[in-house]
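The values are calculated or read from the model by the stated rules, or taken from the named source; none is laboratory data. The model shown is predicted, which means the values in this text are computed figures rather than measured ones. All Cβ positions, even for glycine, are placed from backbone atoms using ideal geometry, and neighbour counts span all protein chains on display.
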């Protein structure tokens, strides 16, 4: 098969590793990390553009190296070839290899934040996304000085407290080691960041299976969704996570 | 004597200090607290909501206006109680179990308080049973549920089921919100309302207590 993979750059090393070993020809395109920060509509538009660009290019399927990503994939349409994506809420399932393993870990570890190689070394374009991010559009992405100028010192202090940090209630940083890292540099960086924030550190061994099965074409219905042409991605609100619905079913 | 109409401007511009001064001066001058609330304060917050919806105001303006409103309300509340004026309604709010994100929830709570509601904030990672206990304390309570993650939003359904199991669903309205929530999801789990922003959440809550 000739496959086209459109993936989030947070999975850069993993997908490069898997694509190199795939029995199929896999063309890879990475999009900037953090697209979910520009909201459902913005993320959807960026992905639709990338998917549309592939139709008619002779590939047999477009693979999405994504998850539901805060509904960023909802409404994404298959063009002339199927779209294939893992059934997952977010990229942690791709790193851990199994949605149940992720859910178990998530539920027994409230307040956990994750790191992998991609989290640490990718994201140069995050600043370019900045102006489109929900934080910026809602006026929450302002410096203390900007707030003082607009609302006075008393209100600026109050606003800084209110905006806080999205991770202010977090208490643990978990490094997922995928087994393809050159050495322990990413683990050491994660340990350093955990120490800096006063959070607990844990290391988990990741699992490349879901990532390799996506690019190898092993798409069983339990773990993957194949969206046929004329259909689009929708949520199921249950453990299936995503489903395909006819594109014309929505107004 | 200061003009009570200044209270409207103080709230609209998020000037908590001025709101406090004008409220104290108006009460000292014998202005009826219920009128102060109904003629100046609530209309100011309604105008804040309108400006937010027209993209003239953003989240910071909402927050500082709600803060000025709260400052005036704190002075006014004992007087309102004496006058027999009741809150617009009672809202029990929290982020569902497993979810520790609270920026959106806090914003909605502030706006509801500014809108004249009594708000009981249960915080984050709130199990369904806590929402049930809080709803039990008073008939007609609105339960407001927040979630940021698609992994945790399904807890909203668990809260609605727990309210049903406790026999409270009839007397309790449920409103939901948060980044991954949609009207479709609210309908699917049988919530009474959904809002995609903090300003519209106040209008929604008012509708629910009508």
When you look at residue A:210, is it within 22 Å of the chain's Cα centre (by Cα) and within 21 Å of residue A:106 (Cβ to Cβ), yes or no? yes
Inspect region B:66-79 for any residue being modelled with pLDDT under 90 and within 30 Å of residue B:128 (Cβ to Cβ) and give the result as yes or no. no
What number of residues in region B:164-187 are in a loop (DSSP other than H, G, I, E, B) and touching a residue at least 24 places away in the same chain (Cβ under 8 Å)? 8
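Here's the yes/no breakdown for (1) more than 14 Å from chain A (Cβ to nearest Cβ); (2) closer than 23 Å to residue B:173 by Cβ:
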site: B:39; (1), (2): yes, no
site: B:45; (1), (2): yes, yes
site: B:48; (1), (2): no, no
site: B:53; (1), (2): no, yes
site: B:61; (1), (2): no, no
site: B:66; (1), (2): no, yes
site: B:74; (1), (2): yes, no
site: B:79; (1), (2): yes, no
site: B:85; (1), (2): yes, yes
Among (1) buried (at least 17 other Cβ atoms within 10 Å of the Cβ); (2) within 14 Å of chain A (Cβ to nearest Cβ), where does residue B:120 come up short? (2)
Considering each residue of region A:7-60, count those that are surrounded by 21 or more Cβ atoms within 10 Å (Cβ to Cβ) and part of a strand (DSSP E or B), and give that number. 3
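Would you check if there is a residue in region A:51-63 being over 21 Å from residue A:179 (Cα atoms), touching a residue at least 24 places away in the same chain (Cβ under 8 Å), within 12 Å of chain B (Cβ to nearest Cβ) and over 14 Å from the mean Cα position of the chain (by Cα)?
No, region A:51-63 has no match at all.
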Those residues that are farther than 19 Å from residue A:69 by Cβ and without any contact (Cβ under 8 Å) to a residue 24 or more places away in the chain, I need them from region A:1-48; list them, please. A:16, A:20
Quick check on residue B:144: is it under 16 Å from residue B:122 (Cβ atoms), more than 13 Å from chain A (Cβ to nearest Cβ), in contact (Cβ under 8 Å) with a residue 40 or more places away in the chain and in contact with a strand residue (DSSP E or B) (Cβ under 9 Å, 6 or more places away or on another chain)? yes
Conditions (1) assigned to a loop (DSSP other than H, G, I, E, B); (2) surrounded by fewer than 23 Cβ atoms within 10 Å (Cβ to Cβ); (3) within 14 Å of another protein chain (Cβ to nearest Cβ) -> residue A:81 fails only (3)
Given the residues B:73, B:62, B:80, which is the only one that is in a helix (DSSP H, G or I) and in contact (Cβ under 8 Å) with a residue 60 or more places away in the chain? B:62
Please go through region A:93-112 and give me each residue that is farther than 13 Å from residue A:173 by Cα and either within 11 Å of chain B (Cβ to nearest Cβ) or surrounded by fewer than 17 Cβ atoms within 10 Å (Cβ to Cβ) (or both), ordered by number. A:93, A:98, A:99, A:100, A:101, A:102, A:103, A:104, A:107, A:108
Given (1) buried (at least 22 other Cβ atoms within 10 Å of the Cβ); (2) in contact with a helix residue (DSSP H, G or I) (Cβ under 6 Å, 6 or more places away or on another chain); (3) within 14 Å of chain B (Cβ to nearest Cβ); (4) in contact (Cβ under 8 Å) with a residue 40 or more places away in the chain, residue A:68 misses just (2)
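So in region B:87-106, with the set limited to residues that are assigned to a loop (DSSP other than H, G, I, E, B) and out of contact with any strand residue (DSSP E or B) (no Cβ under 9 Å at 6 or more places or on another chain), which one is nearest to the other protein chains (Cβ to nearest Cβ)?
Here the residue is B:100.
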Given the conditions (1) closer than 23 Å to residue B:65 by Cβ; (2) crowded, with 22+ Cβ neighbours inside 10 Å, which single one is not true for residue B:99? (1)
Condition met for residue A:181 (out of contact with any helix residue (DSSP H, G or I) (no Cβ under 8 Å at 6 or more places or on another chain) and modelled with pLDDT of 85 or more): no
Would a scan of region A:122-131 turn up a residue that is within 18 Å of residue A:219 (Cβ to Cβ), outside any loop (DSSP other than H, G, I, E, B) and modelled with pLDDT under 95? no
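What residue, of B:44, B:109, B:26, is within 21 Å of residue A:158 (Cα to Cα), free of Cβ contacts under 8 Å to residues at least 40 places away in the same chain, assigned to a helix (DSSP H, G or I) and in contact with a helix residue (DSSP H, G or I) (Cβ under 7 Å, 6 or more places away or on another chain)?
The conditions single out B:44.
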